[in-house]
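The next block holds one structure in the form of structure tokens; read it before the comments.
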Amino acid sequence: MTGPLLEIADLRVAFRSARGISEAVRGVGFTMGREKLGIVGESGSGKSLTGRSVLRLLPPGAMLSARRLAFDGIDLLGAAPSAMRELRGRRIAMVMQDPKFSLNPVMTVGHQIAEAYLAHKRASAAEARDKALAMLEAVRIRDPQRVYGLYPHEVSGGMGQRAMIAMMLAPDPDLLIADEPTSALDVTVQMQVLAILDDLVSERGMGLIFISHDLRLVASFCDRVLVMYGGRVVETVDARRLGEARHPYTRGLLACLPTLEGGEGELATLQRDPAWLTAP
Amino acid sequence: MIEVDRLTVEFDETRAVDAVSFRVEKGEAFGIVGESGSGKSTVLRALSGLNQHWSGGMVIDGEEQSQHRTRAFHRHLQMVFQDPYASLHPRHTVDRALAEPLRVHGVGDREPRILRALREVGLGPEHRFRYPHQLSGGQRQRVAIARALILEPRVLLLDEPSSSLDVSVQAEILNLLQRLRRERTLTYVLVSHNLAVVAHLCSRVAVMNAGRFVEELDVAALRARRTQHPYTAQLLRASEGYDRAAAAALVTFD
């Protein structure tokens, strides 16, 4: 593969409501390769819809348009539903926030991973089982045989999320979209899950879109960060140079976070400027 | 104001809180940090009387507490929960949410009290007859704080009061809590998984793991990272962002 992994230009997602048409994503554009790209923003900024647009998995009634939306040279806007199904899960995978809601509660963890693998690859049941066990091991679950047979309610949040990642990575996707994958987890478990993603990206040469509200965490993990506000990317920053961010929204987000060193004085609050919604 | 001596809470076979002791002075903000399942919220629920299956000693505002609390007790101690969407009744207006504690406790002058409570948390009379779904997350948490304050309690128990909010809204809520404590000499017990939030509001912090306080330190020691227990040091490191080497060095403490 030579071209970029993902190309997005002028992406728009709109909803029809009683008050007319409201645009939730308003002209997002970026190009990414096999890297760790962060998308940061507050609730309603359009970050999740941007991620979901790539898979064309949007809520009913959403209207999607873009000047370009292409994965590995394949035009996703013109792709037939069958072509999208070929891509989803196999080449582009997605991990969501809470494993409690994304795992099937009445199927064992291992069985679900094997089933997902069989949906994308031609393999026997025994091969799928071996693959699922290997994937559980890859996400550093200590006793894969035992965990294979557990139901989702029998595993912790961190283990459930690792199982989700194992399931998504079994077909060896080229791009993983992770939407707040660690927000429901404790900080130490979060670190472990991120380390797994980090290693998998560097070992497999996968692209990763990491969507989160946590600017500092994203900057410590990703290579590049897109900051979204009101449905638009207001700034793209090199993750290591977060301190040099220019946009008042990015700077405001950083300033309003309490820090250990910060003392007990008033925290800065964000003064929103209507111009952020329109300025180029 | 609060004295807890060897507080223990057991559910069936599990000991969720294991002989925890601490003191909180009047007007002080005391923080409890820990990860999920550490027992930190259970301590708060035992203090508030929501959980009656505890043993040990508990003195609040000079009075020895039993498992069952009086109505007067609840007037002086109120709680704010993590998720204001879950803790406000979806079909009750703000006005009704704020009037209910006054009615339960037979307090008159409801109208001026409700208006004053709204003003104190930075809301206006225009919010008074709205339903929770007509408010933003930050506004809802302000209503929850107003409801806790309307009976003019002395102690406020705060269970992750800002962790379901966007960071810019979190800053506003933390500033509000800080100001209210100073103005009214309120005593806070704050539970959170976020060390920075606890360090911001509290003067002393207990670190909890597996039902026990592994260490209690003042906020200056926390800022200087003068920790006694390796669990605290690990928690501090993990909360400073992603670091591949730190992730590899993580251990489990029991």
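Throughout, read-outs are computed from the coordinates displayed, never taken from laboratory work. Computed from a prediction, not measured in an experiment: that's the story for all the values here. Heads up, the Cβs are rebuilt from the backbone with ideal geometry, glycines too, and the neighbour counts pull from every protein chain shown.
If you plug the beta carbon distance of A:ILE74 and B:PHE253 into 1/(1 + (r/R0)^6) with R0 = 41 Å, you get a FRET efficiency near 0.25. For region B:27-168, the dipole from Cβ point charges (+1 on Lys and Arg, -1 on Asp and Glu) about the Cα centre works out to 540 debye, to the nearest 20.
Dipole size of chain A about its Cα centre, with +1 on Lys/Arg Cβ and -1 on Asp/Glu Cβ: approximately 820 debye, rounded to the nearest 20.
Loop-located trypsin sites (Lys or Arg not before Pro) across region A:244-280 with a Cβ neighbour count of 13 or fewer within 10 Å are A:ARG246, with loop assigned by DSSP. The trypsin sites (Lys or Arg not before Pro) of region A:127-172 that DSSP puts in a loop, and whose beta carbon has at most 15 other beta carbons within 10 Å, are A:ARG140, A:ARG142. Inter-chain Cβ neighbour count for A:190-197, averaged per residue, equals 5 (cutoff 10 Å, partner chain atoms only). Per residue of peptide B:229-238, the mean number of Cβ atoms on other chains within 10 Å of the residue Cβ is 2.
Packing, as the average of other Cβ atoms within 10 Å across residues, places the peptides B:210-217, A:228-235, A:61-68 in the order A:228-235, B:210-217, A:61-68, highest first. Counting pairs of alpha carbon atoms under 8 Å apart in space and at least six apart in sequence, what relative contact order in percent does chain B give? Taking the mean separation of contacting Cα pairs over the length of chain B, I get 26 percent. For B:PHE11 and A:GLN145, FRET efficiency with R0 = 22 Å and r from the beta-carbon atoms, rounded to 0.05? Efficiency computed from Cβ-Cβ geometry: 0.15.
The alpha carbon centroids of region A:13-46 and region A:105-122 are separated by 31 Å.
Over the Cα atoms of chain A, the radius of gyration divided by the Kirkwood radius equals 0.98; this is the Rg/Rh ratio. Rounded to the nearest 0.05, the FRET efficiency derived from the C-beta distance between A:SER22 and A:ARG246 at R0 = 30 Å is 0.60. Restricted to Cα atoms, region A:231-280 shows a radius of gyration and a Dmax of 12.6, 37 angstrom.
A compact globular protein would have a Cα radius of gyration near 2.2 N^0.38 Å; the ratio found for chain B is 1.03. Across peptide B:241-249, the mean count of Cβ atoms from other chains lying within 10 Å of each residue's own Cβ comes to 6. Measure nothing fancy, just the Cα-based angle from helix A:157-169's long axis to the longest principal axis of chain A, in degrees from 0 to 90, nearest 10. Long axis of A:157-169 versus the principal axis of chain A: about 80 degrees. When the trypsin sites (Lys or Arg not before Pro) in region B:82-175 are filtered for DSSP coil states and for at most 10 other beta-carbon atoms within 10 Å of their beta-carbon, the remaining sites are B:ARG91. Rounded to the nearest 5, the antiparallel percentage of DSSP beta bridges internal to the protein assembly as shown is 55%.
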